[in-house]
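Working notes for the structure below.
The values are calculated or read from the model by the stated rules, or taken from the named source; none is laboratory data. Keep in mind that what you see is a predicted model, and the values were worked out from it rather than measured. When we count neighbours, we look across all protein chains shown, and the Cβ atoms used for this are built from the backbone with ideal geometry, even at glycine.
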Amino acid sequence: MPQGPTWTIGDVTVTSIIEIDQHWRFAWLLPSVTDDDLARHSWLSPDFVDEKGKMILRIQALVVESQGQRIIVDTCVGNDKPRPTPLFDNLQTTFFDDLVAAGFGPDSIDQVICTHMHVDHVGWNTKLVDGQWVPTFPKARYLFGRTEFEHWSKTDETAVYGDVMGDSVDPIVAAGLSMLVDNDHHLTDEVYLEPTPGHTPGHNSVRIRSAGQEAVITGDMIHHPIQFPMPDLTSDADTSNEGAVATRRAAFDRWCKAGLLVIGTHFAGVGAGRLEADGDTWRLVS
Ligand SMILES: [Zn+2]
């Protein structure tokens, strides 16, 4: 894939390395979206909705550079991984080569943070070498939210997602590269976690604050920009629909008032914007 957008927030830079842009029927992820909704929110095209009315779902890693630290936020689906869903099964993308070509060699990554432990956020934690899953970033500290890690350690959704823990998390723990962190953990003085539970129990977003400027990397507390004007839309992928809605409404209100840049983990096209209040919902302004 061509390299994604980059953003500057004070002294921090964020670079998108795209694994794949997938075109999904809304019914697969946000089943209550209607054709009328898409017509009412025609601003979603062309960046976020294609000409056939499908959502464009970007799967990307965001490389955050702050105070000498190189941090990867979420590691996509990964190559060679057997997955029950054809969309993610045995992907063979150029993601790793693209990451290196962008100047982010695997040994240069200091920290990896997974917003949560779904299949499309932990994949490149590991890569397949001689039949073994080994850490892709051998010099990095991999940060997992304590609540999230404990949830997935006792929840078996292998039938739905594949052996995500077995091939993408357990090898990191076995290699001694993992660290469990609380949901207010600071990765640097400028980069820290903001708890946004609901989609999963220990879901975190990543906040950036530097030289008077602010941004947030959402993770999957929102999947698609149509959820700004329609924050009550829910997904079967949410552990708690109610929790996800409450988190979205509270966070969007906070982020709108702060005037910060919202970088969407699954947002295609320009990938980010600021929020404007519109009654009791929000608009994304690029
Ligand atoms: Zn996701």
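The conditions are (1) farther than 22 Å from Met230 by Cα; (2) loosely packed, with under 14 Cβ neighbours inside 10 Å, and Ser42 fails exactly one of them. Which is it?
(1)
Suppose we filter Thr247, Thr234 for residues that are within 16 Å of the ligand (Cβ to nearest atom) and not in a loop (DSSP other than H, G, I, E, B); which single one remains?
Thr247
Suppose the filter is modelled with pLDDT of 95 or more and under 21 Å from His185 (Cα atoms); does Glu214 pass it?
yes
Got at least one residue in region 95-106 being crowded, with 22+ Cβ neighbours inside 10 Å, at negative phi and touching a residue at least 60 places away in the same chain (Cβ under 8 Å)?
Yes - at least one qualifying residue is present in region 95-106.
Could you say which residue among Leu180, Leu284 is touching a Phe, Trp or Tyr at 6+ places or on another chain (Cβ under 7 Å), farther than 25 Å from Val49 by Cα and not in a helix (DSSP H, G or I)?
Leu180
Answer with yes or no whether Ile172 is buried (at least 16 other Cβ atoms within 10 Å of the Cβ) and either within 23 Å of Val119 (Cβ to Cβ) or within 16 Å of the ligand (Cβ to nearest atom) (or both).
Yes; evaluated as a whole, the condition is true for this residue.
Of all residues in region 189-219, which are out of contact with any helix residue (DSSP H, G or I) (no Cβ under 9 Å at 6 or more places or on another chain), within 16 Å of the ligand (Cβ to nearest atom) and within 18 Å of Thr147 (Cβ to Cβ)?
Of everything in region 189-219, just one residue is out of contact with any helix residue (DSSP H, G or I) (no Cβ under 9 Å at 6 or more places or on another chain), within 16 Å of the ligand (Cβ to nearest atom) and within 18 Å of Thr147 (Cβ to Cβ), namely Gly219.
Across region 120-136, what is the total count of residues that are of a type in the set (A, V, I, L, M, F, W, C) and under 11 Å from Thr75 (Cβ atoms)?
Here the count works out to 2.
Restricting the search to region 247-286, which residues are farther than 13 Å from Phe228 by Cβ and either of a type in the set (S, T, N, Q) or without any contact (Cβ under 8 Å) to a residue 60 or more places away in the chain (or both)?
Thr247, Ala250, Arg254, Lys257, Ala258, Gly259, Leu260, Thr265
May I ask you to list pairs of residues, at least six apart or on different chains, whose Cβ atoms are under 7 Å apart, with the first in region 1-23 being surrounded by 15 or more Cβ atoms within 10 Å (Cβ to Cβ) and the second being among the basic types (Lys, Arg)?
What qualifies is Ile18/Arg58; Asp21/Arg58.
Cβ-Cβ below 6 Å, separation at least six or inter-chain, first residue in region 198-226 and within 20 Å of Cys114 (Cβ to Cβ), second at pLDDT below 95 and among the polar types (S, T, N, Q): which pairs?
Hits for this filter: Gly198/Ser240; Thr200/Thr239; Pro201/Thr239.
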